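The values are calculated or read from the model by the stated rules, or taken from the named source; none is laboratory data. Being a predicted model, the structure only gives us computed values, none of them experimental. Note that each Cβ is placed from the backbone with ideal geometry, even for glycine, and that neighbours are counted across all protein chains shown. Note: areas computed on protein heavy atoms with side chains; ligands, DNA, RNA excluded. Shrake-Rupley method; radii C 1.70, N 1.55, O 1.52, S 1.80 Å.
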Amino acid sequence: MKKVAFITGGTGGLGLTIVQDLLERGYEVVSISRDAARIEGAKKLVASEKAVFLKGDITTEEALSDVYHYLLDRYGYVNVLINNVGIMAGGGIEQITKEQWQHMFDVNVHVPFRVTKKLLRLIKHAEYGCVVNISSIASKITGGCMAYSACKAAVDMMTQSLAKELAKYYIRVNSVNPGMINTGFQVKNQLIEHFEYEEFLEETAKEYPMGIGTAADVSKLVCYLISEEARWITGSNYVIDGGRSVNL
Ligand SMILES: NC(=O)c1ccc[n+]([C@@H]2O[C@H](COP(=O)([O-])OP(=O)(O)OC[C@H]3O[C@@H](n4cnc5c(N)ncnc54)[C@H](OP(=O)(O)O)[C@@H]3O)[C@@H](O)[C@H]2O)c1
């Protein structure tokens, strides 16, 4: 049977690397993201008929319904769900607005909840099923971004609760909690300007005993977690951060 994976946000940063690694491992991969130019770029880069890049905003019911029907009609099941889309806002209680707080939870917490709930029936139809939630070390250590940390902590506990609930279907659920990787995340989330990025990476790297990581570092862990070799691993939140969270 074909191995089928669905990932939210497969056209940039970590998501695109995961798409490439999944293709290398024989998966057919479906992704959804918003920007048409980035979709074209990703299509060209991966150059594979086994990758499908749907266009849509996964925070909307319409996009989620499109994803569900696409996967149902084309395959009828999904082996691997990777909840990757995430956004970041900086600041603590005195800076963050209630609208920002709400938006952060809409994208970072409600999306993985809604996607998992909607696709669960398709995952249950697969020969084996795994969910990987892309969380962050921000769920474990404070770092001046209260809403982001709170969202990712919610993702970690959702991961653990789901793992317990879905074990009876042999569906494994884990999260991956990266430290900073060089995807330009802080630029895309307008926390810094593009021209400041290299300097920002250098400064931040001082807090990382093994330096800043890459999307490839994190993607390898995701691929391990969905592999048969990880068949007994469920309900874990895997920190991958070059030692950042033990360097306090
Ligand atoms: N980069 C880091 O340092 C870091 C560290 C720890 C954890 N993480 C986590 O890793 C995950 C990926 O981060 P990244 O750095 O790879 O992010 P990224 O480079 O900003 O990529 C995000 C991807 O998601 C898509 N996307 C964003 N909003 C969307 C929406 N509403 N609907 C559909 N697609 C959407 C983007 O495409 P469009 O914009 O075209 O929609 C893009 O493909 C996030 O959950 C993040 O919190 C990142």
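The base-10 log of I(q)/I(0) for the chain, evaluated at q = 0.12 Å⁻¹, reads -0.66 [Debye formula, identical scatterers on Cα atoms, solvent excluded]. In this structure, the pairs whose alpha-carbon distance is over 19 Å, taken from LYS43/LYS117; LYS3/LYS220; LYS43/LYS152; LYS3/LYS124; LYS98/LYS152; LYS2/LYS50, are LYS43/LYS117; LYS43/LYS152.
Relative to the current alpha-carbon distance between GLU24 and GLU207, full extension at 0.36 nm per residue lengthens the span by 62.6 nm. Mind checking which of ILE96, ILE123, ILE212 has the largest fluctuation in a GNM of the chain, springs on alpha carbons under 10 Å? Result for the chain, Cα springs under 10 Å: ILE96 fluctuates most.
Calculate, for the range 110-231, the solvent-accessible area per residue in square angstrom, rolling a 1.4 angstrom probe over the heavy atoms of the protein chains.
Details: 6230 Å² over 122 residues.
I get 51 Å² per residue for this part.
For the chain, the longest principal axis of the C-alpha atoms and the axis of helix 13-24 are separated by about 30°. Of VAL176, VAL107, VAL187, the residue with the greatest mean-square motion in the GNM of the chain, using alpha carbon springs below 10 Å, is VAL187.
For GLU62 and SER245, the FRET efficiency from 1/(1 + (r/R0)^6), where r spans their Cβ atoms and R0 equals 35 Å, is about 0.35. What a 1.4 Å probe finds exposed on the range 106-186 is 57% carbon and sulfur by accessible area, rounded to a whole percent. Largest mean-square fluctuation among PRO112, PRO178, PRO209, in a Gaussian network model of the chain whose springs join Cα atoms under 10 Å apart, belongs to PRO209.
Backbone geometry of the range 101-109 corresponds, through the Karplus equation with coefficients 6.51, -1.76 and 1.60 at θ = phi - 60°, to 3J(HN,Hα) couplings of 4, 4, 4, 4, 5, 4, 7, 7, 10 Hz, x marking Gly and Pro. Protection proxy ranking for 32-39, 220-227, using the average of other Cβ atoms within 10 Å per residue and placing the highest first: 220-227, 32-39. In this view, the solvent-accessible surface of THR183, computed with a 1.4 Å probe and all protein chains in place, comes to about 30 Å².
Taking 7 Å steps out from each Cα toward its Cβ at ALA36 and GLN160 produces label points 4.5 nm apart.
Taking 0.36 nm per residue of sequence separation and removing the Cα-Cα distance, the MET1/GLU127 pair yields an extension gain of 44.5 nm. Give the accessible area for THR17 in Å² (nearest 10); use a 1.4 Å probe, count only protein heavy atoms, and leave out ligands, DNA and RNA. Rounded to the nearest 10, the figure is 30 Å².
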